[in-house]
Amino acid sequence: MIRISDAYKDPEGRDKRCRGVEETLPEKDQRAEEKPVKVSSDEESLEDIYNEALLLAKEKIDSAASSARVIITEDDIEFLRKLFSTASESKNGFLEEYFYENTPGNYLYAHSVNVCMLSAAVVSRMIFNEDQVLRLALASFLHDTGMAGYMDIASAGRVLQKSEKKIIEKHASEASEVIKSIPSRERNFTEDIISVASQHHERFDGSGYPDNLEKDQINRLASIISVCDVYEALTHKRPWRGAYNPARAMEMVIAERDRGFSAGVVRVLVDTLTLYPRGSIVNLDDGRSARVVEVRPESPTSPSVEIIEDMPSGEEPEIIDLSREKLLTIESIPEKISRGGDD
Ligand SMILES: [Fe+2]
Ligand SMILES: [Fe+2]
């Protein structure tokens, strides 16, 4: 089985373009070790495509960092079309297996792929035409290429000062500087991608940047990317903070509906991931902590959970279906979460 980190280690095909770029491979992720070996060809192909997407993101972001220039080819467009349809059709397979993984090197690589694939999962539950969906695929994948030039500040490993945050905010509008060429499907195709990408930090109440746009002034595709962008960022470790618990991150996104985000997009995100996304840590009212392992659509607030406890070797942790345990409920959600690896 190829793991995400292996894609950096053993390049083939598209990876050849990344040769010569050395990555420090991470310590093996504890969670990854615990996962069952995947055997179905569908799942292998999902894994391959996720790894290929990471390499493409690395290629484009490294290009933006070294030459302030990203060129998208016809092959790239076809690949992103495939990535989007794979994410839409995988029935959350990528979310359950890859989305929350720690990945080596620059966090922007996995962030770009994850935001792109989550946008695909969300938009597949909405009504957009094929052309709009392709634009969303490109814009979501490229939305943070402008950040490539600011990673020295973003990776400082401490809470940034106001002045530093102000500098980093330039990355949104700099999408237009970095994204140089996309083969035209129609005259203004490239301009549309740049416009959508550059609006991903705009907020419905006008508090966003770079142009303080409000509600209807914000492109509908950009409003999808902004919600996926924040959920992805919250649920992953950053140099200055730990990863938020997925259920807590979902609460934070929901709290911003109608203020920062489109309420409609937030509702679709909740439909896609549920209130207690798989992997969330919850505190039960009997004092025990547990990890969400399954959520059934018919009982979205009563997931099945695995009790977190030190087990004697050979014994499996207890799994409880909360929808059948009327006297046991979720009492609270811890804010941060540790995910093994270098968390
Ligand atoms: Fe951004
Ligand atoms: Fe982002």
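A short reminder: the numbers here are calculations on the coordinates, not readings from a lab. Keep in mind that this is a model prediction, so the values were computed, not measured. Backbone-built Cβ (ideal geometry, glycine too); neighbour counts: all protein chains shown.
Residues Ile127, Ile72 in ascending order of nearby Cβ atoms (within 10 Å, fewest first): Ile127, Ile72.
Take every pair of alpha-carbon atoms less than 8 Å apart whose residues are at least six positions apart; their mean separation over the length of the chain yields a relative contact order of 15 percent.
Spin-label model, Ser181/Arg81: points 7 Å from Cα along the beta carbon direction are separated by 2.0 nm.
Computed over neighbours whose Cβ is under 12 Å from that of Arg259, the net charge equals -1, Lys and Arg +1, Asp and Glu -1.
Within the chain, the longest run free of trypsin sites (Lys or Arg not before Pro) that sit in a DSSP loop with at most 12 other Cβ atoms within 10 Å is 188-258.
Which pairs, out of Lys165/Lys215; Lys58/Lys237; Lys58/Lys180, put more than 21 Å between their alpha-carbon atoms? As for pairs spanning more than 21 Å Cα to Cα, those are Lys165/Lys215. Remark: relative contact order (region 145-211) = 31 percent; criterion is Cα-Cα distance under 8 angstrom and separation of 6 or more residues. Diffusion of region 162-223 by Stokes-Einstein, at 20 °C in a medium of 1.002 mPa s and with Rh set to the Kirkwood radius over alpha-carbon pairs, works out to 174 µm²/s. Share of pairwise Cα-Cα distances greater than 20 Å in region 187-255 is 39 percent (whole percent). Mean sequence separation of contacting Cα pairs (under 8 Å, at least six apart), scaled by the length of region 167-310, corresponds to a relative contact order of 14 percent. With the simple model of a label 7 Å out from the Cα in the direction of the Cβ, Asp286 to Lys166 spans 5.5 nm. Near Gly208, once Lys and Arg are set to +1 and Asp and Glu to -1 for all other residues with Cβ below 12 Å from its Cβ, the sum equals -4. Checking every one of the GluC sites (Glu not before Pro) in region 176-225 against DSSP loop status and a limit of 16 other Cβ atoms within 10 Å picks out Glu186, Glu214. Sorted ascending by nearby beta carbons within 10 Å, beginning with the fewest, Met117, Met126, Met147 become Met126, Met147, Met117. Stretching the chain fully between Leu327 and Arg267 yields a gain of 18.7 nm (0.36 nm per residue, less the alpha carbon separation).
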